[in-house]
Amino acid sequence: MNAQLKLLVELQEIDSQLQRLEATKGDLPVREREVRNKRDALKNRLDSLQAELEQTRKDRVRANSEFESLKDKKAKYQKQLFTVRNNREYDAVTAEIELAEKALEDLETRIIALMEREDQLSKEVERVSEELKVAETELEELLKELNEKSAQIEDQRLRLMHEREKVVMQADKSLVASYERIRRAKGGLAVVPVSKGACGGCFTQIPPQRALEIRSSDRIYTCEVCGRYLYWKDDTFSDSH
Ligand SMILES: [Zn+2]
């Protein structure tokens with residue numbers, strides 16, 4: 001077998017072992033990502049709710065002080081009514097009082113609406129805070145589980161990574177790059193044996209003449225359908241007998 005192809009076969013074996021090792025974590029990494037996303041979304045929601053609540057409070061405080069100063073103004077006009085000197089002045093002051101009364105009514109409606117909104121927002125803040133707390137606890141537990149699992153497989157993973165480095169150092173750089181590309185695109189499998197006359201990756205039949213070449217030639221062959229590297233395994237040959 002071509003020496004470089006042999007290295008790729010070793011690399012594939014190591015990567016498959018690493019993948020199996022990683023798979024022992026089960027759905028923990030996926031769940032961790034999901035809960036983390038949920039936690040982040042809740043945190044954003046809480047931040048914007050709190051900002052809105054703060055703004056609503058400020059608006060209410062301002063409306064309240066407008067209300068008070070308008071009440072003072074109205075009281076002043078009412079006092080002026082006792083000092084008017086003619087009907088024209090009386091009508092003018094009365095008109096001002098009516099204007100102030102209308103504005104006070106509007107402000108009161110606005111203050112009530114703001115108070116209701118504040119109430120709503122406070123409840124929503126409480127509810128989202130509670131949900132956030134639950135998500136954070138869940139995330140902590142998942143992380144703990146994941147760390148324990150990672151610690152269990154760490155020795156094995158390091159040993160494989162070390163082996164992998166050794167193989168990569170000996171292998172042709174562009175071949176390794178191409179291997180990585182295929183592996184990423186093809187579900188982790190870039191180097192496959194010819195199995196029962198077919199590509200061990202996509203199971204497309206290989207013409208017998210080409211299969212013979214793969215077996216005997218020192219060249220590196222790839223599957224014409226899936227692009228994976230092909231190698232001959234002696235026990236596959238005995239399969240066909
Ligand atoms: Zn194939």
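The values are calculated or read from the model by the stated rules, or taken from the named source; none is laboratory data. What you see is a predicted model; the values in this text were computed from it and never measured. As a convention, Cβ positions derive from the backbone with ideal geometry for all residues, glycine included, and neighbour counts pool all protein chains shown. With ligands, DNA and RNA removed, areas are computed over all heavy atoms of the protein, side chains included. Shrake-Rupley method; radii C 1.70, N 1.55, O 1.52, S 1.80 Å.
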On the basis of being over 30 Å from Asn147 (Cβ atoms) and surrounded by fewer than 15 Cβ atoms within 10 Å (Cβ to Cβ), does Asn87 make the cut?
yes
How do the helices (runs of 4 or more DSSP H) wholly within segment 125-241 filter down when requiring 3 or more residues that are within 16 Å of the ligand (Cβ to nearest atom) and either modelled with pLDDT under 95 or open to solvent by less than 80 Å² (accessible area, probe 1.4 Å) (or both): which remain?
173-185, 208-216
Taking segment 37-79 and the residues there that are open to solvent by less than 50 Å² (accessible area, probe 1.4 Å) and hydrophobic (A, V, I, L, M, F, W, C), the one that is nearest to Ala135 (Cα to Cα) would be Leu42
